[in-house]
Structure formats: C-alpha cells, structure tokens
Ligand SMILES: [Fe+2]
C-alpha cells in the first residue's frame, strides 16, 4: 500500500535564499507574456544513478488544456545560469523536490522555472495570468526566494477551477516551499501590488514540476 501525496509545505534553512537571490537580478524578460513585469529562465534535470544531471536545453510547450493564455505555443525561454544551478543552495532545493515527489527514484524529468514578477503601486500584476489552473504534471512545487514591497500574491489551492474558496490561501514567505499534487488540485497566485508608492514590488520564485 502506498500513501498518496497531496500537499506538503516546509521551511528550508535560512541561507538558501541569500545564496540565490542575486541570480534573480538580471533575468531576461519573458517574451511570451504581454507585460513588462515578468522575467524568467528555464532548465531541466533528471536523477541518474543517484546523481542529478542537467539535461540539454530545450523549448517548453504546455497544452492549451492546461494553459489558456500561452497553451500550445512553443516557448524558448532563456537558459538558467549554470553557476546558479551548481550552488549548494539550488542543489538543496532540487534534491528536496525530487526526494519528496519520488523523482529521484523514478527518474522523472524535473522542469525548473526561475521567475521574477514585478509590480507597481498603481497597477496590479498577475503572477498567474491563466487564473485557477493545473500545470499538467503530477507535482508542482513553488519555492519563494524573495518578496519585497509586495501586497497580495497569495498562494491559493483549490479543489476545482470554479471553487469560490480555496482550501489553502497563504503567503509563501521567503525560504518556504510548497509542493502540490497537480493531478488532484488546482492552484493560483493572486494579483500583486507594490506596497510602497513609487517603488517596484518584487516576487522571486522557483517553480518545479515533475
Ligand atoms: Fe501553475
């Protein structure tokens, strides 16, 4: 008998974000979204014989079944910094995700998206423009590296895309990691506003899928 993984949230050691946050400062813009508020890179990994290896860079396509905004569009995101993926902090995160989801044993390919979403104090930004959604994988993990001057940006987990009330509605703080069974739940990140007039708000995350 095997237990079924639903949701797990945990706190990582404090030093994880401090070792990674500078790698978010010069991210290239996401060219597939109609806003100048989203920046990102992409990488893929797999566990081979107990070792995590980085797979060759490739394009990324999500079915329109799962992504109403940019589904069925082949997206060629910038490559994630190799220096960053080799840091002990990043290795800790990908190990944690593979451990918890079983990807280290079943050799699932783990996609990682490094994403910065910025916002202003007078106009909201949408970290998840597709609304309440699934990503189309077995597991989705979100790890927060930085929240600066941010109001909103709640991590919300729903049983269905038309639910009025999320099962979980929380702010993922720096150094917190949540992993969701993506075949069972839907997720959404609510809109963000900068909490300081005239200054940008910043939310930096890694999204892992397997
Ligand atoms: Fe998502």
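Using a Förster distance of 25 Å, how high is the FRET efficiency between residue 3 and residue 106, based on the Cβ-Cβ distance and rounded to 0.05?
The pair residue 3/residue 106 has a calculated efficiency of 0.95.
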Check: Among 83, 120, 30, which one moves the most in a GNM of the chain with springs linking Cα atoms closer than 10 Å?
Finding: 83
Item checked: Extension reserve of the residue 36-residue 10 stretch, reckoned as 0.36 nm per residue once the Cα distance is removed -> 6.2 nm
Notebook entry, point to check: Gaussian network model of the chain, Cα springs within a sub-10 Å range: biggest mean-square fluctuation belongs to which of 180, 196, 142?
Noted result: 196
Check: Taking only DSSP H segments of four or more residues, each worth -39500 (n - 2.57), what value at 222 nm results for the chain once the sum is divided by all its residues, to the nearest 500 deg cm²/dmol?
Finding: -3500 deg cm²/dmol
Check: Between residue 76 and residue 120, what is the label-to-label distance in nm when each label sits 7 Å out along the Cα-to-Cβ direction?
Finding: 3.1 nm
Check: Remind me, relative contact order of region 7-209 in percent, using alpha carbon pairs under 8 angstrom and six or more residues apart?
Finding: 27 percent
Next item on the list: Could you calculate the FRET efficiency of residue 63 with residue 148 from 1/(1 + (r/R0)^6), where r is the beta carbon distance between them and R0 is 41 Å, rounded to 0.05?
Entry: 0.75
Item checked: Computed lengthening from residue 159 to residue 25, 0.36 nm per intervening residue step minus Cα-Cα distance -> 44.7 nm
Check: Among 43, 103, 123, which one shows the biggest mean-square fluctuation in a GNM of the chain, springs joining Cα atoms closer than 10 Å?
Finding: 123
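Where a number appears in this text, it was derived from the coordinates with a stated rule and is not lab data. Because the structure is predicted, anything quoted here is derived from the model rather than measured. Positions of Cβ are generated from backbone atoms using ideal geometry, with glycine treated the same way; all protein chains shown enter the neighbour counts.
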